[in-house]
Amino acid sequence: MRLDVVTIFPEYLEPLNVSLVGKARARGLLDVRVHDLRHWTHDRHHTVDDTPYGGGPGMVMKPEPWGEALDTVLASGAPGHTPRILVPTPSGSPFTQELAEELAAAPWLVFTPARYEGIDRRVIDEYAHRPDVAAVHEISIGDYVLAGGEAPVLVMVEAIARLLPGVLGNAASHRDDSFAPGAMANLLEGPVYTKPPEWRGQGIPEVLLSGHHGNIARWRRDQALTRTAALRPELIETTPPDALDKHDRATLEHLGWRAGADGRFWPPEQDVEE
Ligand code: ADE
């Protein structure tokens, strides 16, 4: 997979040389190219921003450097290859495991992390209509505002890279991820333990030492249901009834959840303060 990142802070992308992504690069599984947007400015101050039309606070990234940068990156592709362009922005659609899986199957991604109040809209509209671009996705990594899109690029690249064939040692290891698409129920993973068997007075749940695979799987499932019910109740509420077996239902009922007429579960009534 080829990844291009155009940014005014190339050094912010240094972590792409480390750990999982760094190893994938070293092994030739990922071709990462980081470009300095200021390379495509022509004034003495390498200006990339200007005041917003219509007024208001902050600055907007000028279209010309982005246009020249993206034209250069697009022209460097193998003939017939068109990238997806990913624009990190808090006003984008949510980055999900499902999107990470979809993007992991793409041959070429171009990231355009912005600073200030964002990029002049015409840049996004231009490349959304270009025949040499497969798609433009405006993506948010969460409902909070960062100072720029570079950290979101690091987040997205890590989520995508670990899904590439050959990057993780064990192919089964992401099949069971929380939020893996196609999973019947989206449950948070429960606790994990390793040696020593006792640490600061705390032992290991007996069942994990039992060697009984059926009981261990059931215990893990109950832990996942319990944790999800507590921390992400909406994931339980949206679970299709046929994704829950008899034991799952009993576990949820034990936690005070109740099945509605359609078989979906509803959380225990909250005490309302008078
Ligand atoms: N840029 C600033 N905040 C962001 C967010 N939450 N997601 C993606 N890009 C951003």
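Quick notes on this one:
- Packing rank of 255-266, 96-107, 148-159, where each peptide gets the mean count of other beta carbons within 10 Å, highest leading: 148-159, 96-107, 255-266
- The residues of segment 56-172 have, on average, 47 Å² of accessible surface per residue, using a 1.4 Å probe with all protein chains present.
- Calculated [θ] (222 nm, deg cm²/dmol) that DSSP helices of n ≥ 4 give over the chain, each run adding -39,500 (n - 2.57): -9000 deg cm²/dmol
- Probe 1.4 Å, all protein chains present, accessible-area order of M184, M59, largest first: M184, M59
- Working from Cα pairs under 8 Å separated by at least six residues, relative contact order for the chain is 16 percent.
- Charge context of I216, other residues only, Cβ under 13 angstrom, K/R +1, D/E -1: +1
- Whole-number D in µm²/s for segment 1-70 (Stokes-Einstein; Kirkwood sum over Cα pairs; 25 °C, 0.890 mPa s): 176
- Simple spin-label estimate for E117 and T82 in nanometres, 7 Å along Cα-Cβ: 3.2
- Estimated Rh, the chain: Kirkwood, alpha-carbon pairs, angstrom: 22.0
- Shape category assigned to segment 62-104 from the gyration tensor of Cα positions, a/c cut at 1.5: oblate
- Segment 130-258, Rg to Rh (Cα coordinates; Rh as Kirkwood inverse mean 1/r): 1.05
- Computed lengthening from A151 to Q270, 0.36 nm per intervening residue step minus Cα-Cα distance: 39.1 nm
- Cα gyration tensor, segment 1-124 - rounded (a/c under 1.5), prolate or oblate: prolate
- Sequence-distant contacts, meaning Cα pairs under 8 Å at least 6 residues apart, place the relative contact order of segment 32-104 at 20 percent.
- Cα gyration tensor shape of segment 190-274, rounded if a/c is under 1.5, else prolate or oblate by comparing a/b with b/c: oblate
- Calculated P(r) of segment 84-166 - Cα pairs past 18 Å, %: 39
- Remark on segment 198-240: Rg and Dmax equal 13.6, 41 Å (Cα only).
- Accessible carbon and sulfur surface of segment 158-274 relative to its total accessible area, %, 1.4 Å: 53
- In nm, spacing of pseudo-spin labels at Y53 and R249 (7 Å Cα→C-beta vector): 6.0
- Spacing of the modelled spin labels on A230 and D262, each 7 Å from Cα toward Cβ, amounts to 2.9 nm.
The values are calculated or read from the model by the stated rules, or taken from the named source; none is laboratory data. Because the structure is a prediction, the values reported are computed rather than measured. FYI the Cβ positions are ideal-geometry reconstructions off the backbone, even for glycines, and counts take in every protein chain you see. Side chains are part of the model used for accessible areas, which takes the heavy atoms of the whole protein and leaves out ligands, DNA and RNA. Shrake-Rupley method; radii C 1.70, N 1.55, O 1.52, S 1.80 Å.
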